[in-house]
Amino acid sequence: MRIGTAALITLRPIEEKDSGPIRDMLENSGAFTAEEIKTAFELIDCYLRDPDQKDYDVRTSIDAEGRVVGYFCVGPTPLTRSTFDLYWIAVNPSNLGRGIGTLLLRHAEDLVVNRGGRLLLAETSSRTGYDRSRSFYRKNSYSEVARIRDYYDTGDDLLIYGKYLSSTGI
């Protein structure tokens, strides 16, 4: 698959061997706290341990040399009919700016639509370290649909971005 300047990559369900490279990717990004990385791995572990679970779908992007260059995790929002959460999306810092994030996001959106979803939500922080994430969502036609002030901490708001994946839009 190729989008714009994105390298040729393969998207597939995460495998156990991807865990180390994903942990390194999250740690090296400088964007995530140790607690956030621990939470990311709780979802990854749930997916890997129980192939019959329906809460999370985790996909990894692999470059032509077999290296993990990104991943995402999506799942249906509990107690909704067709809303999904984008729990995680990350690209290896050495591969930023090559279109891999956009490719991952489009794949996540397609996966959600194929599972009957119509709305995809992504939560993020208002901290400076998340500027790139907020810009990424806006660039990909996501709108800020909610903000809860001082949610994570004083001065650190919860921002929720959303995109309707059907004919209606935000």
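The table below lists the values:
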| read-out | value |
| --- | --- |
| Number of the condition not met by Val91 [criteria: (1) buried (at least 20 other Cβ atoms within 10 Å of the Cβ); (2) at pLDDT 95 or above] | (2) |
| Some residue of segment 68-89 being over 24 Å from Lys17 (Cβ atoms), among the polar types (S, T, N, Q), touching an Asp or Glu at 6+ places or on another chain (Cβ under 6 Å) and outside any strand (DSSP E or B) | yes |
| Test: Phe41 is modelled with pLDDT of 95 or more, closer than 19 Å to Asp85 by Cβ and either in a loop (DSSP other than H, G, I, E, B) or out of contact with any strand residue (DSSP E or B) (no Cβ under 7 Å at 6 or more places or on another chain) (or both) | yes |
| Matching residues, segment 10-33, being touching a helix residue (DSSP H, G or I) at 6+ places or on another chain (Cβ under 9 Å) and either among the polar types (S, T, N, Q) or modelled with pLDDT under 90 (or both) | Ser19, Asn28, Ser29, Gly30, Ala31, Phe32 |
| One residue from Val58, Val69 being surrounded by 15 or more Cβ atoms within 10 Å (Cβ to Cβ) and more than 26 Å from Gly116 (Cβ to Cβ) | Val69 |
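The values are calculated or read from the model by the stated rules, or taken from the named source; none is laboratory data. Source: prediction; values computed, not measured. Note: ideal-geometry Cβ built from the backbone for every residue, glycine included; neighbour counts use all protein chains shown.
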